[in-house]
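Remarks on the structure that follows.
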Amino acid sequence: MPSPLRIAVLASGRGSNFAALLAARERGELSADFVLLASDKADAAALQLARMAGVPTLLLEPRDYAERRDYDIALFERIAASKPDVLVLAGFMRIIDGDALKPWVGRMINIHPSLLPKYRGLHTHRRALKAGDAEHGASVHYVTAELDGGPVIAQTLLPIEAGDDENTLAAKLLPLEHQLLSAVVSLIADDRLALRNSGVAFDGEPLRKPLRWHDGKLIR
């Protein structure tokens, strides 16, 4: 049998997506070893969650570095030392220097709460509501130097209902984000996804549009 996927996770907050990955492993849905949970914030609940799960942690605070680029290079050097196969950004709230992330392109994914390419950046729920969208969702994409602009792997959709506000929309979307991220990481662990020069490949074939989460599974 193939070796478990070695995963490093970057998180800035509560770590709910990280918790979802841990739960997927416990259910036998994900073959993975979590080799590191790294954070830029000392009060990130994700750090305590990792410690409780026996996952090595790293806290590296930006204030200790004069330049953003210096911080990013130092952070990724430490992540590399844990020898991960893939790096998952799970609520990591920093824009990463392009030189620092270049060696990781194709091995780094991010989950973003919008139907990319719509609403890159922050306040995605607010922007979807303001635009009068009929649906909202989340995307998992490969990370490149372009903010939330890397090739999209998969998406989950959520209808926007009358009376929804930012809070209700976020609360309804979050469990779908967890399911989506876990499913994509499981595909990576099973060696079914790759980033090629032509874009995302799924089971060796070019992915013409993002996979969709539907009825508990990812479909073309």
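The values are calculated or read from the model by the stated rules, or taken from the named source; none is laboratory data. Worth saying up front: this structure is predicted, and the values here are computed from it rather than measured. Here Cβ is always computed from backbone atoms with ideal geometry, including for glycine, and neighbour counts include all displayed protein chains. These area figures cover heavy atoms from the full protein model, side chains too; ligands, DNA and RNA do not enter into them. Shrake-Rupley method; radii C 1.70, N 1.55, O 1.52, S 1.80 Å.
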Jot down the radius of gyration and Dmax of the chain, Cα atoms only, both in angstrom.
16.8, 50
Determine the equivalent ellipsoid of region 78-169 by diagonalising the alpha-carbon gyration tensor, then write out the semi-axes as square roots of 5 times the eigenvalues, largest first, rounded to whole Å.
29, 12, 11
Per residue, in Å², the accessible surface of region 1-145 once ligands and nucleic acids are set aside, probe 1.4 Å:
48 Å²
Could you tell me the largest-minus-smallest coordinate of the C-alpha atoms of region 1-53 on each of the three principal axes, in descending order and whole angstroms?
38, 17, 15
Where the only charges are on Cβ atoms (+1 Lys, Arg; -1 Asp, Glu), what is the dipole of region 10-81 about its Cα centre, to the nearest 20 debye?
220 debye
Specify the residue with the greatest mean-square fluctuation among Glu146, Glu166, Glu67, computed from a Gaussian network of the chain linking alpha-carbon atoms under 10 Å apart.
Glu67
Calc'd 3J(HN,Hα), region 128-139, phi into Karplus 6.51 cos²θ - 1.76 cosθ + 1.60 (θ = phi - 60°), Hz, glycine/Pro = x, comes to 5, 5, 4, 6, x, 5, 7, 9, 9, x, 9, 10
Of all DSSP beta bridges having both residues in the chain, the percent classed as antiparallel (nearest 5) is 55 percent
Two-decimal ratio, region 1-130, of alpha-carbon radius of gyration to 2.2 N^0.38 Å
1.08
Of the DSSP H helices in the chain, those whose Cα atoms cover at least 24 Å axially and whose Kyte score averages -1.0 or more:
166-189
Using only the Cα atoms of region 94-220, build the gyration tensor, take square roots of its eigenvalues as a ≥ b ≥ c, and label the shape rounded, prolate or oblate: rounded if a/c is under 1.5, else prolate if a/b is larger than b/c, else oblate.
oblate
Max mean-square fluctuation residue, GNM over the chain, Cα-Cα springs under 10 Å, options Lys130, Lys41, Lys172
Lys130
R0 of 30 Å, Cβ-Cβ distance Ala131-Asp203: FRET efficiency to nearest 0.05
0.30
With every protein chain kept in the model, how would you rank Arg63, Arg25 by accessible area, 1.4 Å probe, largest at the top?
Arg63, Arg25
Among the listed pairs Lys41/Lys102; Lys118/Lys217; Lys102/Lys130, which have their C-alpha atoms separated by more than 31 angstrom in this model?
Lys102/Lys130
Under a Cβ-only charge scheme (Lys and Arg +1, Asp and Glu -1), can you give me the dipole magnitude of region 64-220 about the Cα centre, in debye to the nearest 20?
320 debye
Apply 1/(1 + (r/R0)^6) to the Cβ-Cβ distance of Asn167 and Asp43, taking R0 = 25 Å, and write down the FRET efficiency to the nearest 0.05.
0.70
Counting only protein heavy atoms, what percent of the accessible surface of region 30-103 is carbon or sulfur at a 1.4 Å probe?
50 percent
GNM of the chain, Cα pairs under 10 angstrom: of Pro113, Pro62, Pro210, the biggest fluctuation goes to Pro62
Solvent-accessible area per residue for region 152-220 (1.4 angstrom probe, square angstrom):
55 Å²
